[in-house]
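Since the structure comes first, as C-alpha cells, the remarks are kept for the end.
The values are calculated or read from the model by the stated rules, or taken from the named source; none is laboratory data. Source: prediction; values computed, not measured. Using ideal geometry, Cβ is built from the backbone for each residue, glycine included, and neighbour counts are taken over all protein chains shown. Calculation scope for accessible area: heavy atoms of the full protein, side chains included, ligands and nucleic acids excluded. Shrake-Rupley method; radii C 1.70, N 1.55, O 1.52, S 1.80 Å.
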Amino acid sequence: MLAIRGDVENTGNGDLAGRVLVPIENTIPESSRFTLFRQGHGQMLDHLLVTRNLPAHYRGAEIHNELLHDEPDHAPVVATFEV
C-alpha cells in the first residue's frame, strides 16, 4: 500500500509530490475502518485511493461491513464524488 501511494517521505523524491495518491478510508471513523473480519479482528485490506485533484470533489465514503462474519468475505468501500 505504501509503495502504491508514493508518499514523498517514503520515496525521497519531492518531484513526485503531485502524483501521491490519497487514501479515502482515512476519513471513515477508525472503529469502522475494516473490510475483512478475521479471527475476531477487523482488517483494512481493500483500499480506495484517489489522485490529488479529487479530494476537492469528495463528499464521503462508507464501508459496508455491518454484515461481515468471521470468514473470507470482503466489505465494499463506496465513495461519493461531486464533479
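Values for this structure:
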{"quantity": "Answer from P29, P76, P55, P72 - the residue that is in contact with a strand residue (DSSP E or B) (Cβ under 9 Å, 6 or more places away or on another chain) and surrounded by fewer than 11 Cβ atoms within 10 Å (Cβ to Cβ)", "calculated": "P72"}
{"quantity": "Where a residue in the range 47-61 is β-branched (V, I, T) and its partner, wherever it lies, is open to solvent by 50 Å² or more (accessible area, probe 1.4 Å), with Cβ under 8 Å and at least six apart", "calculated": "T51/R19"}
{"quantity": "Candidate set from the range 6-26 (those that are charged (D, E, K, R) and open to solvent by less than 50 Å² (accessible area, probe 1.4 Å)); member that is nearest to H74 (Cα to Cα)", "calculated": "E25"}
{"quantity": "Cross-chain or 6+ apart pairs with Cβ under 8 Å, the range 11-24 first and without any contact (Cβ under 8 Å) to a residue 12 or more places away in the chain, then open to solvent by less than 60 Å² (accessible area, probe 1.4 Å) and part of a loop (DSSP other than H, G, I, E, B)", "calculated": "L16/G6"}
{"quantity": "Selection within the range 32-52 - among the aliphatic types (A, V, I, L, M) and either surrounded by fewer than 12 Cβ atoms within 10 Å (Cβ to Cβ) or under 10 Å from the mean Cα position of the chain (by Cα) (or both)", "calculated": "M44, L45, L48, L49, V50"}
{"quantity": "Subset of the range 25-37 that is among the β-branched types (V, I, T) and free of Cβ contacts under 8 Å to residues at least 40 places away in the same chain - its residue that is nearest to Y58 (Cα to Cα)", "calculated": "T27"}
